[in-house]
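Below is one structure; the comments refer to it alone.
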Amino acid sequence: MYVVVNVCVFSLYAADALAMTSRDSTTSVYGCDMSAVMTQTAGDIVSQSPFSRLIHVINKKSTDLQCPGDLPAKYVGIVSR
């Protein structure tokens, strides 16, 4: 799974790459943004995408994410802009 800091665009790119390369159906992409408006907008866009089951959007500053808690105990990488 990947943690993505720019919610919408990077989450969609990461989910697309993940869908093409991962055989593990439990793998996920977590996107975060500290803006409630951006998080809501990203959630709306993601929910209409074919990757809606892979992407989880979190309304929180990236430096405030807790692992485990907001994120699973293990993750593959973090993508940031």
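Every read-out reported here was derived from the displayed coordinates using simple, explicitly stated rules and does not represent laboratory data. Since we're looking at a predicted model, the values are computed, not measured. No Cβ is skipped: glycine too gets one built from the backbone with ideal geometry, and neighbour counts run over all protein chains shown.
Return LEU65, LEU54, LEU12 ranked ascending by Cβ neighbour count within 10 Å, so the fewest neighbours appear first.
Listed from fewest to most nearby Cβ atoms, that is LEU65, LEU12, LEU54.
With θ set to phi - 60° and the Karplus curve 6.51 cos²θ - 1.76 cosθ + 1.60, what are the ³J(HN,Hα) couplings of region 52-67 in order, to the nearest whole Hz, using x for Gly and Pro?
Once rounded to whole Hz, the list reads 4, 6, 8, 9, 10, 9, 10, 8, 6, 5, 4, 6, 9, 5, 9, 9.
Collect residues whose amide H, placed 1.01 Å from N in the peptide plane, falls under 5 Å from the amide H of VAL57; neighbours closer than 5 in sequence don't count.
When sequence neighbours closer than 5 places are left aside, the close amide H contacts are GLY31.
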